[in-house]
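Structure, as structure tokens:
The values are calculated or read from the model by the stated rules, or taken from the named source; none is laboratory data. What you see is a predicted model, and the numbers here were worked out from it, not measured in a lab. Backbone-built Cβ (ideal geometry, glycine too); neighbour counts: all protein chains shown. We work out accessible area using only protein heavy atoms, side chains counted, and drop any ligands, DNA or RNA first. Shrake-Rupley method; radii C 1.70, N 1.55, O 1.52, S 1.80 Å.
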Amino acid sequence: MAEPPVLRPARPGDRAALEALLRAAELSGEGLDEQFPAGYAVAEDAGALMGAAGIERYQGNGLLRSVVVAPRWRGRGLGERLVRDRLAWARAQGLGTVYLLTTTAAG
């Protein structure tokens, strides 16, 4: 079995790959202009983006968004790793409540 993707903070150069992942998953990239890459993490496998998640800051709280995982890594816990990473980041930043922005996630 392949090594799991490495999680790291997003960089400006990750923007195009993140947008491609979002489009492939039929998710919106709207709003990335305001706060990307701050608060975002990506999952990288052999130099390719396999997933991402971001928390944007709004008045001391956070908005979890752009959680996306490439099809070949779905069902293996990568999305959960990304969300846990971003929630830990939000705590370290002293953010209050974190809200989820979603059109597709189950309750």
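Residue-by-condition table, conditions (1) hydrophobic (A, V, I, L, M, F, W, C); (2) under 19 Å from D14 (Cα atoms); (3) open to solvent by less than 50 Å² (accessible area, probe 1.4 Å):
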residue	(1), (2), (3)
A70	yes, yes, yes
W73	yes, yes, yes
R81	no, yes, no
A90	yes, no, yes
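Condition first: in a strand (DSSP E or B) and open to solvent by 70 Å² or more (accessible area, probe 1.4 Å). Now tell me which residues in the stretch 1-58 satisfy that. Let's see the steps before the verdict.
Within the stretch 1-58, the subset in a strand (DSSP E or B) is 6-9, 40-45, 48-58.
V6, P9, R57, Y58 - these are the residues of the stretch 1-58 that are in a strand (DSSP E or B) and open to solvent by 70 Å² or more (accessible area, probe 1.4 Å).
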- Pair list, Cβ < 6 Å and 6+ apart or interchain, from the stretch 89-100 residues that are over 18 Å from V42 (Cα atoms) to residues that are assigned to a loop (DSSP other than H, G, I, E, B) and not β-branched (V, I, T): G96/G60
- Mind checking which residues of the stretch 25-46 are more than 17 Å from R57 (Cβ to Cβ), at pLDDT below 95 and hydrophobic (A, V, I, L, M, F, W, C)? A25, L27, A46
